[in-house]
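Asks: Supplied in C-alpha cells, the structure appears directly below.
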Amino acid sequence: MTKENILKEVLSVFTRIEIYKYVKKIINKMVDCGYNHYIVGGVIRDLILSVTSGKTSSSVKDIDLVVEAKEYDKIVKLMTDITFTSPSRIIKHHRFFTLSIFIEENKDAAIRIDVSIPRKEKYPYDGALPEVSVGSVYDDIFRRDFTINAIALRYNIINKNYDFYDPFGGIDDLRRKYIRILHNKSFYDDPTRIIRAIRFSAKLGFKIEPVTEKYLKEAMKDNVLLKISDNRLVNEFLHILKKGENLQTVVKLFKLYKVANVYREQLGGLFSTFEKKCLEIELEKVKDDYDRFFIRLLYLLENTYGKVAILGRNNATSTFKNAMVSLYIPKMQRQRIYEAIRFITSNKKKNLPPWVEKYISGSYNL
Ligand code: CTP
C-alpha cells in the first residue's frame, strides 16, 4: 500500500471513530485561529496498523494533539471556550505545557483529549523526570519512545490538508514490524521504555530491532530500572494489566531481558502469580481496557493472597489493602477493588459494575 493510500484510508477511518465528534470541535477551533495541528502518538500507530494489516485495536479513548503555537495560555483560553455535548472538564498541567480535556460519556469511562504546544525535554540525569520547555514540532517528536509512536498526522493551514510527518521512518518500521528507539540514550533517559518496548513487542507481534535490542540489554546491564522510582516501575506493570496483550510473550520477554528479576523483587508474590497465570488473564474477548484491568488485578490478588469468599469481607479488604498499598497501586484503583469485594461478599447481585458482573459469572472467559 502506498503512503498516499495509507493517508487516505487513515483519514477516512479517523473521521469515523466515535470520539471524532469531540476532536473535530478542537480541530475547527485551531483551524479558525490559524494554527497548524498534529495528531500524534498511539492513535496514529493503531490507525495505520488497522488500515494496512487489519489489526483492530480497542476503541479509541484518548488522543494527543499538538498545536503549533508558542503561547500555552492562549491555547488554554481557546480550549476553555469550547463546549461539548457531554459534560467536560479541563485539567491544566502548566509546567508541561499541556492540558487534558476529560469528556464524560458515561460514569465509568471518560474520553481524554490531551492538547499541548510543542515541547522539548531534557533529562537532568538518567531516569529522572524530564525538564520540559517549549520547542519545535521536531523536538516534540524527537522526545518520544519509538519510531512507531513518533508519527504525526499533520494539518497544514495553508494547504488545508493533512499529510504524515514521520521524520524517523515510523511508517516503514510499522511495515517491517520493528520497535526502534530514536537515539542511543533513549533507555537511559527513560528506563520505563524498556518495559514499554516489551509491551508493544508482545501486543503488536513486533521484533525489537537488533540495534535497539543491543541498547536495551546494555541499559539492563547498567541496572537502569533501579534508577526510577518504585511508583513508576509499578505503574508500567499496571499499564500492562490495562493495555497488555499476548501476556505469555510479555512474560517470556521479561525473562529474556531480565526485567523479571526486577519485578520479582518489586512485586513479590503478585508477580509470580502473573507469570504463572498469564494465559488465564489474557481475556481476549474483553475489549474494554477498564474492565480488563480490574478483572486482571482482582484475579491476581485472589490467586496471590486468597479468595475473597474464603477471606471474608473485612479480612479480604485489609489483606488486599495492605498488599495494594505496599505495591503502590493508586487509591482510585484500590477503591474499585474494595467495591468489588463488597459486591462479591454481599447477597445483592443487582446494579453490579459491568466488570464485577463479568468477574462473578466467569463470563469474561478465564
Ligand atoms: N510516550 C513516550 N515515552 C513514554 C510514554 C509515552 O514517548 N515513556 C509518547 C509516545 O509517543 C506515545 C504517547 O506518548 O505514543 C502516548 O503514550 P501512551 O498513552 O502511554 O501510549 P500509546 O502509544 O497511546 O499506546 P497505548 O495506548 O497502547 O498505551
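Asks: Can you name the residue in the stretch 310-342 that is closer than 23 Å to LYS285 by Cα and of a type outside the set (A, V, I, L, M) and, of all such residues, is nearest to the chain's Cα centre (by Cα)? Walk me through it before giving the result.
Replies: Restricting attention to the stretch 310-342, the residues satisfying the condition of being closer than 23 Å to LYS285 by Cα are 333, 336-337, 340.
Applying the additional criterion that residues be of a type outside the set (A, V, I, L, M) yields 333, 336.
Numbers: GLN333: 16, ARG336: 20 Å.
By that ranking, first place goes to GLN333.
Asks: Give the residue, chosen from ASN322, ASN303, that is among the polar types (S, T, N, Q), within 21 Å of THR273 (Cβ to Cβ) and touching a Ser or Thr at 6+ places or on another chain (Cβ under 8 Å). Let's see the steps before the verdict.
Replies: Working: ASN322 fails: touching a Ser or Thr at 6+ places or on another chain (Cβ under 8 Å).
After applying the criteria, what remains is ASN303.
Asks: Oh, and also: Cβ-Cβ under 7 Å, sequence separation 6+ or interchain: first residue in the stretch 180-192 and more than 19 Å from ILE240 (Cβ to Cβ), partner among the basic types (Lys, Arg) and in a loop (DSSP other than H, G, I, E, B). Which pairs?
Replies: Here the result reads LEU182/ARG144, each pair linking the stretch 180-192 to a residue that is among the basic types (Lys, Arg) and in a loop (DSSP other than H, G, I, E, B).
Asks: Looking at this structure, is PHE168 in the same structural domain as GLY42 (by TED's automatic domain parsing) and among the aromatic types (Phe, Trp, Tyr)?
Replies: yes
Asks: Are any residues in the stretch 146-168 assigned to a loop (DSSP other than H, G, I, E, B), within 15 Å of the ligand (Cβ to nearest atom) and either over 26 Å from VAL115 (Cβ atoms) or open to solvent by 10 Å² or more (accessible area, probe 1.4 Å) (or both), and if so, which ones?
Replies: First, pick out the residues of the stretch 146-168 that are assigned to a loop (DSSP other than H, G, I, E, B): 150-151, 157-160, 166-168.
Restricting the remaining residues to those that are within 15 Å of the ligand (Cβ to nearest atom) gives 150-151, 166-168.
Those that are assigned to a loop (DSSP other than H, G, I, E, B), within 15 Å of the ligand (Cβ to nearest atom) and either over 26 Å from VAL115 (Cβ atoms) or open to solvent by 10 Å² or more (accessible area, probe 1.4 Å) (or both): ASP166, PRO167, PHE168.
Asks: Residue by residue through the stretch 321-355, note down the ones that are in a helix (DSSP H, G or I), open to solvent by less than 40 Å² (accessible area, probe 1.4 Å) and in contact (Cβ under 8 Å) with a residue 24 or more places away in the chain. Spell out the reasoning first.
Replies: The initial filter retains those residues of the stretch 321-355 that are in a helix (DSSP H, G or I), namely 321-326, 331-345, 354-355.
Those still in the list that are open to solvent by less than 40 Å² (accessible area, probe 1.4 Å) too: 323-324, 337-338, 340-341, 355.
Hits for the stretch 321-355 are ALA323, ILE337, ALA340, ILE341, TRP355.
Asks: Residue check, GLU284 against (1) open to solvent by 70 Å² or more (accessible area, probe 1.4 Å); (2) over 25 Å from LEU247 (Cα atoms); (3) not basic (Lys, Arg), all met but one. Which one?
Replies: With (1) open to solvent by 70 Å² or more (accessible area, probe 1.4 Å); (2) over 25 Å from LEU247 (Cα atoms); (3) not basic (Lys, Arg) applied to GLU284, the lone miss is (2).
Asks: Sticking with this one: Based on this model, can you work out whether LEU65 counts as more than 27 Å from LYS285 (Cα to Cα), within 16 Å of the ligand (Cβ to nearest atom), among the aliphatic types (A, V, I, L, M) and surrounded by 13 or more Cβ atoms within 10 Å (Cβ to Cβ)?
Replies: Details: more than 27 Å from LYS285 (Cα to Cα): yes; within 16 Å of the ligand (Cβ to nearest atom): yes; among the aliphatic types (A, V, I, L, M): yes; surrounded by 13 or more Cβ atoms within 10 Å (Cβ to Cβ): yes.
Against the criterion (more than 27 Å from LYS285 (Cα to Cα), within 16 Å of the ligand (Cβ to nearest atom), among the aliphatic types (A, V, I, L, M) and surrounded by 13 or more Cβ atoms within 10 Å (Cβ to Cβ)), LEU65 qualifies.
Asks: Output the qualifying pairs, or none if there are none: Cβ atoms under 9 angstrom, residues six or more apart or on different chains, first residue in the stretch 62-76 and in the same structural domain as ILE39 (by TED's automatic domain parsing) and of a type in the set (Ser, Thr, Tyr), second residue within 16 Å of the ligand (Cβ to nearest atom) and open to solvent by 10 Å² or more (accessible area, probe 1.4 Å).
Replies: TYR72/PHE97; TYR72/THR98
The values are calculated or read from the model by the stated rules, or taken from the named source; none is laboratory data. Just so you know, these numbers come straight off a predicted model, no measurement behind them. Cβ: placed from backbone, ideal geometry, glycine included. Neighbour counts: every protein chain shown. Remember, those area values only see protein heavy atoms, side chains included, never the ligands or the DNA or RNA. Shrake-Rupley method; radii C 1.70, N 1.55, O 1.52, S 1.80 Å.
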